[in-house]
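Some notes on the structure that comes next.
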Amino acid sequence: MTVYSGPVFEMAVNQFGVIADHLSIPVDERARLLMPKRAITISCPIHRDDGTTAVFEGYRVQHHLTLGPTKGGTRFAASVDLGEVAALAIWMSWKCALVGLPYGGAKGGIGVDPSTLSKHELEALSRRYMQEMIPFVGPHTDVMAPDMGTNEQVMAWFMDTYSMYQGRTVTEIVTGKPVTAGGTLGRREATGRGVAYLTRRVLNDLQIGLSGATAVVQGFGNVGSIAALELHNMGVKVIAVSDHTGALHRAAGLDIPALVEHAALRGSIAGYSNELATDPREILMLPCDVVVPAAMERVIDADVASKLRCRVVAEGANGPTTPEADLILEQRQDEIFLIPDILCNSGGVVVSYFEWVQDLQQLFWEEEEVMRREYQILDRAFDRMVARARRDKVFNRTAAMAMGVERVRGAKDTRGLFP
Ligand code: NAD
């Protein structure tokens, strides 16, 4: 019996099973590696602007504390539930271990559509969430960050709320804060930049010239918009993008800087152009060189996977590909190169780690330093994944996850089982 359920949690369990078989991990060792250390469920009451009271359910799951504090984003979305949060926490563990960070994985969230809240209500909900979490988090216990539906402002409210209760400023309690509140240069851009950087590496390896290449980006929030902008700046034509309001397609390439400006002002791509509007379900299947899913889980299912007409899938989102789709992508690996999520979007947590280190030391780096170190870590992890996939003749996702799981397992083995 477990409190975790739902398709996203099942997906994380499924994937772990594949890796555990691949690594021949004895059955009695598996639950210790897979099952989260702690799960916290809270009720967050707030006063609404109309004078009524509303209560929202919030969660935080801390997967393991073997390598250091846990680390992970906080998601505000209507779909958030305990199973989804647990799966995302598990994936964070493999991701942090793969890129060599001293963290376990965590994730949290509130089941709320933030677009239905006023700014005042969003602030009240953010502050109440952090206040309820104070007994369970800390700079050396669990450090939060942004995810879908949260941003720098929400992180600033989290940090301020925690600090008020401590009686001193504790910037290191969250990452992804504004630079004016102890954040690092380059964090807001870090995930999208990392996605574009690794994509360029793969295009180079495949001998696809950047100026003739085309890309499709699903999701135009923090990760998608920055990835699209970086690809555009590299000379890649971004021919289609989508968000929760719809999709745009232009075979000659979209004006991504103008679209980023529009989305920053309006909060979405809606209203940019009626002429370029297209069916959001179709864009992943357009003929192009790169597909970047950068929105949500389980958007590449078996049907989409079999219809993809790209050379590279760069997973900006967490868990965008279902296990059934993975089987198809594995069969198609000579045609399509997969950059798996735990590597592809790891630039975000890498720079979050830099932010935590800078806050602890109160010594801040130039943006060039942040980017140089981010790319160095991504290059190293990418090289190791490719070598491992080649050596073991396995799919890129299997290689990446196996390296993450192995590191956590190694740490648990050497520390032993208490008592
Ligand atoms: P965000 O809230 O800034 O943006 C999400 C985007 O997805 C928005 O443009 C939204 O409109 C779009 N979207 C929502 N539903 C959609 C749908 N059905 N079809 C198309 N688009 C849809 O979130 P984000 O921070 O950019 O996160 C996106 C993904 O990247 C998530 O899976 C998140 O877990 C992952 N991720 C984020 C970070 C980070 O640093 N922010 C780091 C690693 C991974």
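Taking the Cα centre of the chain as origin, work out the dipole magnitude from +1 charges on Lys and Arg Cβ and -1 charges on Asp and Glu Cβ, in debye rounded to 20.
Result for the chain is approximately 940 debye, rounded to the nearest 20.
Return the whole-Å distance between the Cα centroid of the range 20-42 and the Cα centroid of the range 162-177.
31
If you take the Cα Rg of the chain and divide it by 2.2 N^0.38 Å, with N the number of residues, what do you get?
0.94
Once the piece of chain linking ASP392 and ASP50 is laid out straight, how much longer is it, given 0.36 nm per residue of separation minus the C-alpha distance between them?
Going from the current span to full extension adds 117.1 nm.
Going by Cα centres, the range 392-419 and the range 99-128 are how many Å apart?
Result: 29 Å between the Cα centres.
Limiting things to C-alpha atoms, what are the Rg and the maximum Cα-Cα separation (Dmax) for the range 83-151, in angstroms?
Rg, Dmax (Cα atoms, Å): 13.6, 39.
Can you compute the modelled spin-label distance between GLU275 and SER306, with each label point 7 Å from Cα toward Cβ, in nm?
That separation, rounded to one decimal, is 3.8 nm.
So who's got an amide H within less than 5 Å of the one on GLY105, skipping anything under 5 residues away but keeping other chains? H placed 1.01 Å off N, in plane.
Amide H to amide H, under 5 Å and 5 or more residues apart or across chains, GLY105 pairs with HIS63, HIS64, LYS71, SER93.
Restricting to DSSP H runs of at least four residues, report the calculated mean residue ellipticity at 222 nm for the chain, -39500 (n - 2.57) per run over all residues, nearest 500 deg cm²/dmol.
Estimated from H runs of four or more residues: -15000 deg cm²/dmol.
The range 160-267: Rg/Rh from Cα coordinates, Kirkwood Rh?
1.11
At what distance in nm do the modelled label points of GLU369 and ALA258 sit from each other, each positioned 7 Å from its Cα along Cα→Cβ?
Between GLU369 and ALA258, the simple spin-label model gives 4.0 nm.
Along the Cα→Cβ direction, 7 angstrom out, place labels at ARG32 and LEU206. What is the inter-label distance in nm?
4.2
Kindly write out, for the range 169-179 in residue order, the coupling ³J(HN,Hα) from the Karplus curve 6.51 cos²θ - 1.76 cosθ + 1.60 (θ = phi - 60°), rounded to whole Hz, with x marking Gly and Pro.
Here the 3J(HN,Hα) series is 7, 10, 5, 6, 6, 9, 10, x, 7, x, 4 Hz.
Ordered by residue, what ³J(HN,Hα) values in Hz, to whole numbers, does the range 55-65 give under the Karplus form 6.51 cos²θ - 1.76 cosθ + 1.60, where θ = phi - 60° and Gly and Pro are x?
For the range 55-65, the Karplus curve yields 10, 10, 8, x, 9, 8, 10, 10, 6, 8, 10 Hz.
Summing +1 for each Lys or Arg and -1 for each Asp or Glu, what net charge is found among the other residues whose Cβ lies under 15 Å from the Cβ of GLY176? Mind dumping the intermediate values first?
Details: positive: LYS71, ARG75, LYS107, LYS177, ARG187, ARG188, ARG193; negative: ASP142, ASP147, GLU152, ASP160, GLU172, GLU189, GLU355, ASP359, GLU374.
Net local charge, GLY176 excluded: -2.
What part of the accessible area of the range 176-292, given as a whole %, is carbon or sulfur when the probe is 1.4 angstrom?
48
Roughly speaking, what is the stretch gain from VAL3 to THR116, that is 0.36 nm per residue apart minus the C-alpha to C-alpha distance, in nm to one decimal?
Difference between extended and current length: 37.8 nm.
Say we join alpha carbon atoms closer than 10 Å with springs in a Gaussian network model of the chain; which of ARG168, ARG60, ARG281 then has the biggest fluctuation?
Result: ARG168 has the largest fluctuation of those listed.
Just to confirm, what accessible area per residue do you get for the chain at 1.4 Å probe, in whole Å²?
Roughly 41 Å² per residue, with all protein chains present.
The values are calculated or read from the model by the stated rules, or taken from the named source; none is laboratory data. The model shown is predicted, which means the values in this text are computed figures rather than measured ones. In this analysis, Cβ positions are derived from the backbone assuming ideal geometry, glycine residues included, and neighbour counts consider all displayed protein chains. Heavy atoms of the whole protein, side chains included, go into the accessibility calculation; ligands, DNA and RNA do not. Shrake-Rupley method; radii C 1.70, N 1.55, O 1.52, S 1.80 Å.
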